[in-house]
Amino acid sequence: LPMASNYNMSDLGLYAKTDNNDSFQDNFASMLSPTSGLADGGDANAMMRYWDEAYNAIKYANTVLSYIDDVPGLDNKIRDEYKGRAYFHRAYKYYHLVLQYGNVPLVTKLPTSPKRDYHSTSKEAIFRMLVHDLEFAVNAVPLQKDMEYIGMVNKEACMILLAKCYLVTGQFKEAEKMCDELINNTGHSLMRAPFGTFVPSGNPDTWTVTRNVMWDLMRGVNVCAADNKEMLM
């Protein structure tokens, strides 16, 4: 449902017909408010779930950033790795919050007392912060091949999110260089031919699926396949 609510903002989720008087595009203001469908227990939309879960994750990242410098005896390299991972998680959530909602409150520290006077920060300022934080993360977090566990934030994930933020801020050359580095020098590469498990689909009479690399990339069974060189994290 949250994904469906997100699609209501695009041509993916809007009715093409014009004779439906009970659709989102007829009256966004009343039908797609933060609480519509939630206060009465209905399912009109779930946009508030994105907001709630984003700020939960931001809270967790800020917890790490607020306390990690006070951990006694922690090696500086390990400290910076965990700072970088926290910056990634916070940036990932703010990246989506800003693109979904526009200007939003920027919270970078844990509140020490109840706070009710939050104000929105411009999306431009938020993205400048994300670029700054992710540049730190790229330099601090190790590549997956140098990590013991799979599933933790690695350098590759930080690199692609930084490239996305470079694009948003208009730093196109920096985005291109970051992607070139990721594709050519991290053990990853673009998939250029079909691979993994072919998952047949479609209808032979109306929609025949001819196997191709993009089809294989988007099949769930191939996302974490060993031969998928585009899988970052």
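Would you mind getting the accessible area per residue of segment 65-218, heavy atoms of the protein chains only, 1.4 Å probe, in Å²?
That works out to 62 Å² for each residue.
Ignoring any ligand, DNA or RNA, what whole percent of the accessible area of the chain comes from carbon and sulfur when the probe is 1.4 angstrom?
55 percent
Please go through the residue pairs K17/K93; K59/K229; K83/K173 and name each one whose alpha carbons sit more than 31 Å apart in this structure.
Too far apart for the 31 Å limit: K17/K93; K59/K229.
Please report the accessible area of T186 (heavy atoms, 1.4 Å probe, ligands and nucleic acids excluded) in Å², nearest 10.
T186 has an accessible surface of roughly 10 Å² with all protein chains in place.
Using a Gaussian network model of the chain whose springs link C-alpha atoms within less than 10 Å, name the residue from N184, N154, N139 with the highest mean-square fluctuation.
Looking only at N184, N154, N139, the largest GNM fluctuation is found for N184.
Cα centroid distance between segment 105-141 and segment 162-233, in Å?
30 Å
May I ask for the Kirkwood hydrodynamic radius of the chain, worked out over all distinct Cα pairs and given in angstroms to one decimal?
20.8 Å
Might you report the magnitude of the Cβ-based charge dipole of the chain about its Cα centre, with Lys and Arg at +1 and Asp and Glu at -1, to the nearest 20 debye?
I would put it at about 400 debye.
Report, by chain and number, residues whose modeled amide H sits under 5 Å from the one on T121, excluding near sequence neighbours (fewer than 5 apart, same chain).
V104, L106
Considering only E174, E148, E53, give the residue with the highest GNM mean-square fluctuation for the chain, with springs between Cα atoms whenever their separation is below 10 Å.
Comparing E174, E148, E53 in the GNM, the peak value goes to E148.
Which of K109, K83, K17 moves the most in a Gaussian network model of the chain with Cα springs under 10 Å?
Largest GNM mean-square fluctuation: K17.
The values are calculated or read from the model by the stated rules, or taken from the named source; none is laboratory data. Only a predicted model underlies this, so the values are computations on that prediction, with no experimental measurement involved. Cβ coordinates were reconstructed from backbone atoms using ideal geometry, including for glycine residues, and neighbour counts include every protein chain displayed. In case anyone asks, the SASA skips ligands and DNA or RNA and just uses the protein heavy atoms, side chains included. Shrake-Rupley method; radii C 1.70, N 1.55, O 1.52, S 1.80 Å.
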